[in-house]
Amino acid sequence: MKAFTLVELLVTLTVVGLLTCLCLPGLNNAIQNGRKAKEISALKGLVIAYNLYAADNGGQLLKSYDASGTATDINGRVLEGEDSHEAHRWPWRLAPYFNYGFYTTTHVNSMETYIKNKGGLSQTYLVSVIPSFGLSMSCGGNDYEGSKYKVSPASNIVQVAKPSQFIAFASSRSTAMNEKFEGFYYILKPSISVWDSRSAPRSTGYISARYNKQAAVAFLGGNVSMINFSELTNSVYWDK
């Protein structure tokens with residue numbers, strides 16, 4: 001059996017290293033495209049569920065936070081109590097309309113992994129607060145923390161003149177307890193026009209342009225698109 005010389009081994013290692021360097025960018029792009037495709041698919045199901053809720057409630061749009069909201073978990077247990085924000089945020093209230101399929105509809109990619117590592121869907125509080133997508137406060141409104149969207153630009157679907165341009169959900173992000181999350185339960189019109197992941201989540205409207213400065217966006221009309229962050233400051237997306 002022929003023994004490899006040191007030179008041959010070094011040449012082999014060099015070639016392997018070069019091939020690895022050439023393949024990594026393509027692999028990273030494939031992973032990123034896979035994550036993006038998963039978000040787009042999830043958003044399509046999510047906005048269908050959102051419209052089904054409206055159809056069952058006289059066109060009323062689900063609020064991102066409803067102080068009088070009620071919900072049950074996947075086992076039918078009523079989420080209640082003085083501090084039970086889980087029932088007030090939209091994920092658990094909308095869950096029956098996507099058959100509690102959180103991992104294919106609301107919590108995908110990093111948020112799916114995070115929730116599963118924390119104990120899964122039994123973590124009702126976490127499930128409620130850090131879905132991968134935020135619900136626009138312009139849709140339905142928000143009762144929490146003195147929000148100016150208690151009276152929303154659109155509380156009923158019939159008030160929206162162009163549903164295909166009116167944002168319902170978008171990729172979101174937040175920061176809490178020194179942790180960064182690629183998820184948050186509501187979004188706002190950004191107060192800055194240039195995306196920077198280091199910016200305070202509030203300044204970006206809690207929107208995450210995590211795909212090369214683009215966010216995955218679902219419109220009330222059911223269409224889903226990748227939108228450049230700079231475009232998301234356009235009022236046409238937030239005003240009925």
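Taking only Cα atoms and a 10 Å spring cutoff, compute GNM fluctuations for the chain and point out the largest among THR70, THR124, THR113.
Taking springs between Cα atoms under 10 Å, the residue moving most is THR113.
Within the chain, what percent of beta bridges assigned by DSSP are antiparallel, to the nearest 5?
Values: 19 of 23 bridges.
Percent antiparallel among DSSP bridges in the chain is about 85.
What angle, in degrees between 0 and 90 and rounded to the nearest 10, separates the Cα long axis of helix 6-56 from the longest principal axis of the Cα atoms of the chain?
Approximately 10 degrees, to the nearest ten.
Take the alpha carbon atoms of the stretch 86-106, find their center, do the same for the stretch 63-82, and report the distance between the two centers in whole angstrom.
After rounding, the separation between the Cα centres reads 10 Å.
With springs only between Cα atoms under 10 Å, which of GLY183, GLY141, GLY120 fluctuates most in a Gaussian network model of the chain?
GLY120
What is the P(r) of the chain, as percent of Cα-Cα pairs per 10 Å bin from 0?
Percent of pairs per bin, in order: 8, 31, 33, 14, 6, 5, 3, 1, 0.
Please list, in order along the stretch 209-216, the HN-Hα scalar couplings obtained from phi with the Karplus expression 6.51 cos²θ - 1.76 cosθ + 1.60 (θ = phi - 60°), rounded to whole Hz, x for Gly and Pro.
Values, residue by residue: 8, 7, 10, 6, 6, 10, 10, 7 Hz.
In which sequence would ARG77, ARG35 go, from the one with the fewest C-beta neighbours within 10 Å to the one with the most? Could you put the intermediate results ahead of the total?
Numbers: ARG77 10, ARG35 17.
So the residues, fewest neighbours to most, are ARG77, ARG35.
Please arrange HIS85, HIS107 by counting, for each residue, the other beta carbons lying within 10 Å of its beta carbon, fewest first.
Details: HIS85 18, HIS107 25.
Result, fewest neighbours first: HIS85, HIS107.
Taking the stretch 68-176, which GluC sites (Glu not before Pro) meet the DSSP loop condition and have no more than 12 other C-beta atoms within 10 Å? If you can, show how the numbers build up before the last one.
On the way: sites: GLU80, GLU82, GLU86, GLU112, GLU145; in loops: GLU80, GLU82.
Sites meeting the loop and neighbour criteria: GLU80, GLU82.
Note the per residue figure in Å³ for the convex hull of the C-alpha positions in the stretch 103-231. Present the calculation step by step, with values, prior to reporting the outcome.
Values: hull volume 15.3 nm³, N = 129.
Hull volume over Cα atoms, normalised by residue count, gives 119 Å³.
Number of Lys-Lys pairs in the chain under 14 Å by Cα, sequence gap 8 or more or different chains? If you can, show how the numbers build up before the last one.
Details: LYS36/LYS44; LYS36/LYS213; LYS63/LYS148; LYS63/LYS150; LYS148/LYS189; LYS162/LYS240; LYS189/LYS240.
Final tally of qualifying lysine pairs is 7.
Could you bin all the Cα-Cα distances of the stretch 72-118 into 10 Å bins starting at 0 and give me the percent of pairs in each, rounded to whole numbers?
Computed distribution, short to long bins: 25, 51, 23, 0.
Using every Cα-Cα pair within the stretch 138-214, state what percent have a distance larger than 21 Å. Could the numbers behind the result be given before it?
Values: 970 of 2926 pairs.
Roughly 33 percent, once rounded to a whole number.
Using the 10 angstrom Cβ neighbour count as an exposure proxy, how do ILE115, ILE74 rank, fewest first? Intermediate results must be reported in sequence, preceding the final value.
Numbers: ILE115 22, ILE74 17.
If I rank by nearby Cβ atoms, fewest first, I get ILE74, ILE115.
At 25 °C and 0.890 mPa s, grab the translational diffusion coefficient of the stretch 68-169 from Stokes-Einstein with a Kirkwood Rh over Cα pairs, rounded to a whole number in µm² per second. The partial results should precede the final answer.
Working: Rh = 14.6 Å.
Stokes-Einstein gives a translational diffusion coefficient of 168 µm²/s.
Every number in this text was worked out from the coordinates using simple rules, so none of it is lab data. Keep in mind the model is a prediction, meaning the values are calculated, not measured. A quick note on method: Cβ atoms are made from the backbone with ideal geometry, for glycine too, and the neighbour counts reach across all protein chains shown.
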